[in-house]
Amino acid sequence: MNSEKLLSHITALLDHAGVAEGSFHHAQSGTHLLRHHATTDLSATVYRPLLCLILQGAKQVGSTTRILTVGAGQSLIVSHTLPVTSRITEASTKAPYTALVFPLDLDLLRSLAPAVPPVLKAPSSDPFSICLCDTDPGRTDALHRYFLQCEEKETRQLLAPITSREIHARLLIGPHAQILQRLLWHESTASRIHLATREIQANLSETIVVGDLASRIGMSNSAFFEQFKAVTGTSPLQYQKDLRLLKARDDLRTSRAKISEVAFAVGYESSAQFSREYSRKFGRAPRQDREIEPA
């Protein structure tokens, strides 16, 4: 029943905003709401640490080596910034794909973590930074209350932060606990890979020297490469390339810079190489994306 109430509330928010199709940033709650009435082709995007609840329909999401299928009543936790591909696999006019994305506050999770018993040594540990599990009723109820509290200014300021804290706390004691505790524990492999991904993001246009990066986070070259791929589903060089191309796509759609300038800004020395790799990833030339208005 909790899930039906939440679906009804999210549907009403989308209707009120006039969003029949696509995504909507709900400013009061800081969340993103999504609705699609048909299946979609594969598309590329960047996931940042988040909780995603699928309320209706289904989708596939993953990296170059891992694909997960998530349906109604299930949720995803993403612990690292990841370039991913996804497509909606179940949606219809009568039952549109509907989902909500709740951004995670890593600082808040770190402040809560000391009070939680560690589960880092669980035998079934999967290092991949996207975790899929059933959505428990307590989390659904907390999210419904959170949206209701965000409607009025007084409750949004006084109660919503408390409920947001509850939602984060539930993630640390629920089925997603292990993936988040691996990230928050400063000596864990996941936390070291997190540092590496942050460095790549901060220096996107610079050439990666894998050995130097591994040394800075305290790992051998072979261990770093193996664990980076286990956590992110891709290699360090491919991770950087995907982020570069996704950043370039955003810049093409939101700025008037020349295509060559966009390419150089994200680290490409050759416009021709940029165009080839861009077309290979997105299925269209950079000039075609320049003509697409941002959603």
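The values are calculated or read from the model by the stated rules, or taken from the named source; none is laboratory data. All of these numbers come straight from a predicted model, not from anything done at the bench. FYI the Cβ positions are ideal-geometry reconstructions off the backbone, even for glycines, and counts take in every protein chain you see. Just the protein is used for accessible areas: all its heavy atoms, side chains included, with ligands, DNA and RNA removed. Shrake-Rupley method; radii C 1.70, N 1.55, O 1.52, S 1.80 Å.
Largest first, how would His9, His80 line up by accessible area (1.4 Å probe)?
Working: His9 25, His80 0 Å².
Descending accessible area places them as His9, His80.
Using the Karplus equation 6.51 cos²θ - 1.76 cosθ + 1.60 (θ = phi - 60°), what ³J(HN,Hα) coupling, rounded to whole Hz, does each residue of the stretch 265-274 give in order, writing x for Gly and Pro?
Along the stretch 265-274, the couplings run 5, 9, x, 7, 9, 10, 5, 5, 5, 4 Hz.
Using modelled amide H (1.01 Å from N, peptide plane; none on Pro or chain starts), what sits under 5 Å from the amide H of Leu104, excluding residues fewer than 5 places away?
Correct list: Leu50, Leu51.
Distance between the C-alpha centers of the stretch 26-40 and the stretch 227-276? Whole Å please.
About 26 Å separates the Cα centre of the stretch 26-40 from the one of the stretch 227-276.
Among Ser3, Leu76, Gly30, flag the residue with its Cα farthest along the positive direction of the charge dipole of the stretch 1-107, charges on Cβ as +1 for Lys/Arg and -1 for Asp/Glu.
Of the candidates, Leu76 comes out farthest on the positive side.
Take the chain, connect every pair of alpha-carbon atoms lying under 10 Å apart with a spring to form a Gaussian network, then pick out the residue of Asp41, Asp136, Asp126 with the largest mean-square fluctuation.
Residue with maximal mean-square fluctuation among Asp41, Asp136, Asp126: Asp41.
Rounded to the nearest whole Å³, what is the per residue volume of the convex hull around the Cα atoms of the chain? Don't skip to the end; give the middle numbers.
Details: hull volume 41.6 nm³, N = 295.
It comes to 141 Å³ per residue, whole-number rounded.
About the Cα centre of the stretch 233-295, how large is the charge dipole given +1 on each Lys and Arg Cβ and -1 on each Asp and Glu Cβ? Please answer in debye to the nearest 20.
Working: 13 positive and 9 negative charges, 27 e Å.
Taking the Cα centre of the stretch 233-295 as origin, the dipole is about 120 debye.
May I ask you to derive the relative contact order of the chain, considering only C-alpha pairs under 8 Å and at least 6 residues apart, and to give it as an integer percent? Write down the numbers at each step before the final one.
Details: 472 pairs, mean separation 47.0, N = 295.
Answer for the chain is 16 percent.
For the stretch 204-213, what does the Karplus curve 6.51 cos²θ - 1.76 cosθ + 1.60, with θ = phi - 60°, yield as ³J(HN,Hα) per residue in whole Hz, taken in order and with x for Gly and Pro?
4, 7, 8, 6, 7, 10, 4, x, 5, 5
Beyond 29 Å between alpha-carbons counts as too far, so tell me which of Lys59/Lys258; Lys5/Lys281; Lys59/Lys153; Lys94/Lys281; Lys59/Lys229; Lys59/Lys247 fall in that bin. Provide the component values of the computation, followed by the final result.
Values: Lys59/Lys258 35 Å; Lys5/Lys281 39 Å; Lys59/Lys153 34 Å; Lys94/Lys281 33 Å; Lys59/Lys229 23 Å; Lys59/Lys247 24 Å.
Pairs exceeding 29 Å: Lys59/Lys258; Lys5/Lys281; Lys59/Lys153; Lys94/Lys281.
Around Leu148, with a cut-off of 14 angstrom between Cβ atoms, what is the net charge of the other residues, counting Lys and Arg +1 and Asp and Glu -1?
Details: positive: Lys5, Arg145, Lys153, Arg156; negative: Asp141, Glu151, Glu152, Glu154, Glu166.
Charge balance near Leu148 sits at -1.
Under unit Cβ charges (Lys, Arg +1; Asp, Glu -1), what dipole magnitude, rounded to 20 debye, does the chain have relative to its Cα centre? List each step's numbers first, then the result.
Numbers: 33 positive and 29 negative charges, 92 e Å.
Around 440 debye, computed over the chain.
Please list Phe264, Phe24 from largest to smallest accessible area, probe radius 1.4 Å, with all protein chains kept in place.
Details: Phe264 105, Phe24 55 Å².
The ranking, largest first, comes out as Phe264, Phe24.
Using a 10 angstrom cutoff on alpha carbons, build the Gaussian network for the chain and name the most mobile of Ile77, Ile259, Ile88.
Ile259
Taking R0 as 30 Å, what's the FRET efficiency between Glu154 and Thr11 from their Cβ-Cβ distance, rounded to 0.05?
Details: r = 25 Å, r/R0 = 0.84.
Taking R0 as 30 Å, the efficiency between Glu154 and Thr11 is 0.75.
With springs only between Cα atoms under 10 Å, which of Thr39, Thr65, Thr98 fluctuates most in a Gaussian network model of the chain?
Looking only at Thr39, Thr65, Thr98, the biggest GNM fluctuation is shown by Thr65.
If amide H atoms are built 1.01 Å from N in the plane of the peptide, which residues on other chains or at least 5 residues away come under 5 Å of the amide H of Leu68?
Val61, Gly62
Whose amide H sits under 5 Å from the amide H of Glu90, counting only residues 5 or more places off or on another chain, with H placed in the peptide plane?
Ala58
Express in nm, to one decimal, how much length is gained between Asn203 and Glu21 on full extension, taking 0.36 nm for each residue of separation and deducting their alpha carbon distance.
Values: separation 182, 0.36 × 182 = 65.52 nm, distance 3.52 nm.
Contour length minus the Cα-Cα distance gives 62.0 nm.
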